[in-house]
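The values are calculated or read from the model by the stated rules, or taken from the named source; none is laboratory data. What you see is a predicted model; the values in this text were computed from it and never measured. Here the Cβ positions follow ideal geometry from the backbone for every residue, glycine too, while neighbour counts run over all protein chains shown.
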Amino acid sequence: MLVKSISGIRGTIGGRVGEGLNPVDIVRFAAAYATQRRGAMPDNNTLIVGRDARISGEMVDRLVSATLVGMGYHVVNIGLATTPTTELAVIGEKAAGGIILTASHNPMQWNALKLLNERGEFLSDKEGKEVLAIAENEDFQFAEITGLGQMEHKDYLPYHIHNVLALNLVDTEAIRKADFTVAIDCVNSVGGIAIPALLEALGVQNIIRMNCTPDGHFAHNPEPIPQNLTQISNLMREGKADVGFVVDPDVDRLAIVCENGEMFGEEYTLVSVADYVLQHTPGNTVSNLSSSRALADVTKRYGGIYEASAVGEVNVTTLMRKIGAVIGGEGNGGVIYPASHYGRDALVGVALFLSHLAHSRLKVSQLRQTYPNYSISKNRIDLTPDMDVDALLERIKQRFSGERITTIDGVKIDFEQGWVHLRKSNTEPIIRIYSEAATTEQADALAQQIKDLVK
């Protein structure tokens, strides 16, 4: 399978040209990206390449890096690196952009080229479409012998950790004094390198490591959602740690596990970090339409303004800039803290959460109880070739025309006691149906009502 979108190219390894993520398509899209960057930044000859620990990563890395060199670029290859580390490397090297080789939470047979601009942020809709058009027409020209680029290797993790520790709201002294025991599950990807190094730098002496061998053999489904986190949850139930952290393969999403083994809730990663940030620096916040109302509630508590963007990190960061948000992100555990950089960053999330926990003097489960309690139900409908998604969404919109409707990304229906958001996925052939209400049963009922209408 091959999925082409404005944020990059994602697919299962192998297959025929045009049908899977194979060497021919990898080279084609890397060359198209280099061509687009040359047009956007003609005087900048540097690009960054970083990758997660997927089994296919080394193969994809060699193809991408060699292609960029063949296009005349100086490639700074940072090897095994998190997505936020790669984003910061673009800033640190003042590069024209960068490519992150990761399929994020997708299973091990997937990989992807995620494309960054000169600010270390994902390409805009316009830029992404330019890359797709260049790739479609194969409208690129490789360098001649005297114009070939070169490649150097750097480790940017120390730079990233220094960036985190330098944040004003990261209190390493409070974390050290709290003497936390922290359990981590890094799904055998680059988090197994980055998260222990960060925790040690923060002064955490007691670390229980689970699945920290970065070999790409994921110990469980790599999406950090409750049904995939039974291993660390069972460990926490034994009372062996104060807090558990779980990251996805490229370490831009953070899930938190309470000391009693209960899930803190991926939606509440951002809510809790925002609570801590807003306590010290009141301001505005942003999350996407599929994220919890709890962030809006917390923001209003501190006198700020909350706004919702279309789904997609670039949409969140664009709106954050527009309204001057001090914190934002996505309800999947993605924390975006502009004081560091405009990208989802689990390292920033860990450092800010531990600072918050240390100052609160509460157990993690007690901290969770201080926030408005909502439950989100996440459902999907697989698309069939004959399904007219636009007509379906229009039908839903008309059916609930008496409610508050938002259509910047699919259709979101806001009821007094909850909401439902339907949208076509950017990365999979599915319609996502997210709903939220005060209880799981109510959220499931809202989702089922919509699913019945769709069927």
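Which residues, taken from segment 243-285, are part of a helix (DSSP H, G or I) and either without any contact (Cβ under 8 Å) to a residue 24 or more places away in the chain or within 19 Å of the chain's Cα centre (by Cα) (or both)?
Just the residues of segment 243-285 that are part of a helix (DSSP H, G or I), to begin with: 266-280.
Hits for segment 243-285 are Glu266, Glu267, Tyr268, Thr269, Leu270, Val271, Ser272, Val273, Ala274, Gln279.
Need pairs with beta-carbon distance below 8 Å; first residue touching a residue at least 60 places away in the same chain (Cβ under 8 Å) and within segment 60-74, second of a type in the set (Phe, Trp, Tyr) and crowded, with 23+ Cβ neighbours inside 10 Å; sequence gap 6+ or separate chains.
Within 8 Å, no pair qualifies.
Can you name every residue in segment 269-292 that is among the polar types (S, T, N, Q) and under 18 Å from Tyr374 (Cβ atoms)?
Narrowing segment 269-292 to residues among the polar types (S, T, N, Q): 269, 272, 279, 281, 284-285, 287-288, 290-292.
Result: Thr269, Ser272, Thr285, Ser287, Asn288, Ser290, Ser291, Ser292.
Starting from segment 315-332, take each residue that is touching a residue at least 24 places away in the same chain (Cβ under 8 Å) and assigned to a strand (DSSP E or B) and list its partners that are buried (at least 24 other Cβ atoms within 10 Å of the Cβ) and of a type in the set (Lys, Arg), counting only C-beta distances under 8 angstrom and pairs at least six apart or across chains.
Gly329/Arg344; Glu330/Arg344
Return a yes/no flag: does segment 147-156 have any residue that is touching a Ser or Thr at 6+ places or on another chain (Cβ under 7 Å) and either over 27 Å from Gly18 (Cα atoms) or assigned by TED's automatic domain parsing to the domain that holds Arg10 (or both).
Our first condition is that a residue be touching a Ser or Thr at 6+ places or on another chain (Cβ under 7 Å); within segment 147-156, this holds for 151, 156.
Applying the additional criterion that residues be either over 27 Å from Gly18 (Cα atoms) or assigned by TED's automatic domain parsing to the domain that holds Arg10 (or both) yields 151, 156.
The answer is yes, given that some residue of segment 147-156 is touching a Ser or Thr at 6+ places or on another chain (Cβ under 7 Å) and either over 27 Å from Gly18 (Cα atoms) or assigned by TED's automatic domain parsing to the domain that holds Arg10 (or both).
Considering only strands (runs of 3 or more DSSP E) fully contained in segment 347-426, which possess at least 2 residues that are farther than 28 Å from Gln279 by Cα and among the aliphatic types (A, V, I, L, M)? Can you show your working first?
Values: elements: 375-382, 404-406, 411-415, 418-424.
Strands (runs of 3 or more DSSP E) meeting the threshold: 411-415, 418-424.
If you take the residues of segment 6-26 that are within 25 Å of the chain's Cα centre (by Cα) and aliphatic (A, V, I, L, M), which of them is farthest from Glu121 (Cα to Cα)?
That would be Ile13.
Within segment 293-302, identify whether any single residue is more than 16 Å from Val364 (Cβ to Cβ), in contact with a Leu (Cβ under 9 Å, 6 or more places away or on another chain), part of a loop (DSSP other than H, G, I, E, B) and polar (S, T, N, Q), and answer yes or no.
no
State which residue pairs qualify: first residue not assigned by TED's automatic domain parsing to the domain that holds Gly331 and inside segment 433-453, second residue of a type in the set (Phe, Trp, Tyr) in any location, beta carbons under 6 Å apart, and separation of 6 or more residues or different chains.
Glu436/Tyr374; Glu436/Trp419
Just give me the residues in segment 425-449 being crowded, with 16+ Cβ neighbours inside 10 Å and of a type in the set (Ser, Thr, Tyr), in sequence order.
Within segment 425-449, Thr427, Tyr434, Ser435 meet the criteria.
For Arg38, which of the numbered conditions (1) in a helix (DSSP H, G or I); (2) within 24 Å of the chain's Cα centre (by Cα) fails to hold?
(2)
Tally up the residues in segment 341-390 that are hydrophobic (A, V, I, L, M, F, W, C), more than 25 Å from the chain's Cα centre (by Cα) and closer than 28 Å to Ala194 by Cβ, please. Working first, answer last.
Taking segment 341-390 first, the residues hydrophobic (A, V, I, L, M, F, W, C) are 346-348, 350-354, 357-358, 362, 364, 367, 376, 381, 383, 387, 389.
If we keep only those that are more than 25 Å from the chain's Cα centre (by Cα) too, we end up with 358, 362, 387, 389.
Then keep just the ones that are closer than 28 Å to Ala194 by Cβ; that gives 358, 362.
Looking only at that region, the number is 2.
Picking from Ala66, Ala135, which residue would you name as being touching a Lys or Arg at 6+ places or on another chain (Cβ under 6 Å) and surrounded by fewer than 24 Cβ atoms within 10 Å (Cβ to Cβ)? Step through it out loud before you land on a result.
Numbers: Ala66 fails: touching a Lys or Arg at 6+ places or on another chain (Cβ under 6 Å).
Going through Ala66, Ala135 in turn, the sole match is Ala135.
Any residue in segment 118-125 that is modelled with pLDDT under 95 and over 20 Å from Leu68 (Cα atoms)?
yes
Please work out which one of (1) acidic (Asp, Glu); (2) in contact with a Pro (Cβ under 9 Å, 6 or more places away or on another chain); (3) at pLDDT 95 or above is the condition Glu436 fails and give its number.
All conditions pass for Glu436, except number (2).
If a residue counts only when it is under 23 Å from the mean Cα position of the chain (by Cα) and more than 18 Å from Val49 (Cα to Cα), which helices (runs of 4 or more DSSP H) contained entirely in segment 147-207 have at least 2 such residues?
On the way: elements: 157-165, 172-178, 191-201.
Here the list reads 157-165, 191-201.
Would you confirm, using the coordinates I've provided, whether Lys240 is basic (Lys, Arg) and either under 20 Å from the mean Cα position of the chain (by Cα) or part of a helix (DSSP H, G or I) (or both)? Walk me through how you get there before you give the answer.
On the way: basic (Lys, Arg): yes; either under 20 Å from the mean Cα position of the chain (by Cα) or part of a helix (DSSP H, G or I) (or both): no.
Spelling it out, it is not the case that Lys240 is basic (Lys, Arg) and either under 20 Å from the mean Cα position of the chain (by Cα) or part of a helix (DSSP H, G or I) (or both).
Give Tyr337, Tyr371 a once-over and let me know the one that is touching a helix residue (DSSP H, G or I) at 6+ places or on another chain (Cβ under 6 Å) and either surrounded by fewer than 24 Cβ atoms within 10 Å (Cβ to Cβ) or not assigned by TED's automatic domain parsing to the domain that holds Ile207 (or both). Give the steps one after another, and end with the answer.
Working: Tyr337 fails: either surrounded by fewer than 24 Cβ atoms within 10 Å (Cβ to Cβ) or not assigned by TED's automatic domain parsing to the domain that holds Ile207 (or both).
The conditions single out Tyr371.
Scan segment 186-203 and tell me whether some residue there is in contact with a Lys or Arg (Cβ under 6 Å, 6 or more places away or on another chain) and not polar (S, T, N, Q). Please lay out each step first, then the result.
Going residue by residue through segment 186-203, those that are in contact with a Lys or Arg (Cβ under 6 Å, 6 or more places away or on another chain) are 203.
Then keep just the ones that are not polar (S, T, N, Q); that gives 203.
Yes; the residues of segment 186-203 include at least one that is in contact with a Lys or Arg (Cβ under 6 Å, 6 or more places away or on another chain) and not polar (S, T, N, Q).
Filter segment 21-60 down to the residues that are charged (D, E, K, R), surrounded by 19 or more Cβ atoms within 10 Å (Cβ to Cβ) and within 23 Å of Asp248 (Cβ to Cβ) and list them by number.
If the condition is that a residue be charged (D, E, K, R), surrounded by 19 or more Cβ atoms within 10 Å (Cβ to Cβ) and within 23 Å of Asp248 (Cβ to Cβ), then Arg51, Asp52, Arg54 are the ones that fit.
Of the residues that sit in segment 290-306 and are surrounded by fewer than 24 Cβ atoms within 10 Å (Cβ to Cβ), of a type outside the set (Phe, Trp, Tyr) and free of Cβ contacts under 8 Å to residues at least 40 places away in the same chain, which one is nearest to Ser377 (Cα to Cα)?
Only one residue fits best here, namely Ala296.
Which of the residues belonging to segment 214-242 are buried (at least 20 other Cβ atoms within 10 Å of the Cβ) and β-branched (Val, Ile, Thr)?
Ile232 - this is the single residue of segment 214-242 that is buried (at least 20 other Cβ atoms within 10 Å of the Cβ) and β-branched (Val, Ile, Thr).
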